[in-house]
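**Q** Shown below is the structure under consideration.
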Amino acid sequence: MTLTIETVGGAGADLLAALHAAAVDDPWDRSAFAETLAMAGMTARLAISDAGKPVGFILVRQVLDEAEVILVAVDRAARRQGTARALLCQALGQLDGVRQVFLEVASDNAAAIALYRGLGFTDVGRRRGYYARPGGQAVDAIVLGNSPPFPCR
Ligand SMILES: CC(C)(COP(=O)(O)OP(=O)(O)OC[C@H]1O[C@@H](n2cnc3c(N)ncnc32)[C@H](O)[C@@H]1OP(=O)(O)O)[C@@H](O)C(=O)NCCC(=O)NCCS
């Protein structure tokens, strides 16, 4: 799939909420996206397919020389075609003066963990019982970190 990646501003909250709903079981609502997009240092990027359809997005926040990957999500119907990797590579490649990048991922999210490890992220910590799951279970968050240069082709 040929992708176009473009940045989206605060007006993109509806679109990101719709895409998130197509990607996860517990999506953020429009106001959560609006609030997040308004945070200092936040950049949202949208991946658009060659058919003109938005298929994924990434939110990254930079504060001084650190950045955090806040969310990456790809429409269930458009997975495993390199969209998330392309979004991450563009977002990481365009960070300015960043020395470290962090993110949190659920320890049972094998797809995302493989994605991040493939881009050079390594374990830097673990938050016990960080994510609530239906039925009262809790799942650890793994904190992953990375530094430039990132292994993007
Ligand atoms: C995780 C997610 C963003 C991956 O999106 P994607 O566009 O399908 O990922 P890509 O096609 O770019 O995959 C890149 C690499 O990630 C890994 N990967 C992606 N999906 C995988 C899966 N289901 N199983 C194992 N590895 C996977 C692979 O290493 C893959 O490389 P390969 O296809 O060359 O083997 C997507 O599954 C998603 O939106 N999940 C729900 C939201 C989520 O979990 N976000 C991350 C929260 S921290």
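The values are calculated or read from the model by the stated rules, or taken from the named source; none is laboratory data. Quick caveat: nothing in here was measured; it's all calculated off a predicted structure. Cβ: placed from backbone, ideal geometry, glycine included. Neighbour counts: every protein chain shown.
**Q** Any residue in the stretch 6-17 that is among the hydrophobic types (A, V, I, L, M, F, W, C), surrounded by 15 or more Cβ atoms within 10 Å (Cβ to Cβ) and under 21 Å from Arg117 (Cα atoms)?
**A** No.
**Q** For Val60, indicate whether it is more than 26 Å from Arg99 (Cα to Cα) and of a type in the set (Val, Ile, Thr).
**A** no
**Q** Looking at (1) in contact with a Leu (Cβ under 7 Å, 6 or more places away or on another chain); (2) modelled with pLDDT under 95, which one does Met1 not meet, given that it meets all the others?
**A** Going through the list (1) in contact with a Leu (Cβ under 7 Å, 6 or more places away or on another chain); (2) modelled with pLDDT under 95, Met1 breaks only (1).
**Q** Could you list, in sequence order, the residues of the stretch 120-153 that are aromatic (Phe, Trp, Tyr) and under 24 Å from Gln90 (Cβ atoms)?
**A** Phe121, Phe150 - these are the residues of the stretch 120-153 that are aromatic (Phe, Trp, Tyr) and under 24 Å from Gln90 (Cβ atoms).
**Q** Here is a list: Leu87, Leu92, Leu144. Which entry is under 24 Å from Leu46 (Cβ atoms), touching a Lys or Arg at 6+ places or on another chain (Cβ under 7 Å) and not β-branched (Val, Ile, Thr)?
**A** Leu87
**Q** Would you be able to say whether some residue in the stretch 20-37 is basic (Lys, Arg) and within 12 Å of the chain's Cα centre (by Cα)?
**A** So far as the stretch 20-37 goes, no, none of its residues is basic (Lys, Arg) and within 12 Å of the chain's Cα centre (by Cα).
**Q** Could you grab me the full set of residues in the stretch 1-17 that are touching a residue at least 12 places away in the same chain (Cβ under 8 Å) and either out of contact with any Lys or Arg (no Cβ under 9 Å at 6 or more places or on another chain) or outside any helix (DSSP H, G or I) (or both)?
**A** Scanning the stretch 1-17 gives Met1, Thr2, Leu3, Thr4, Ile5, Glu6, Thr7, Val8, Gly9, Gly10, Gly12, Leu15.
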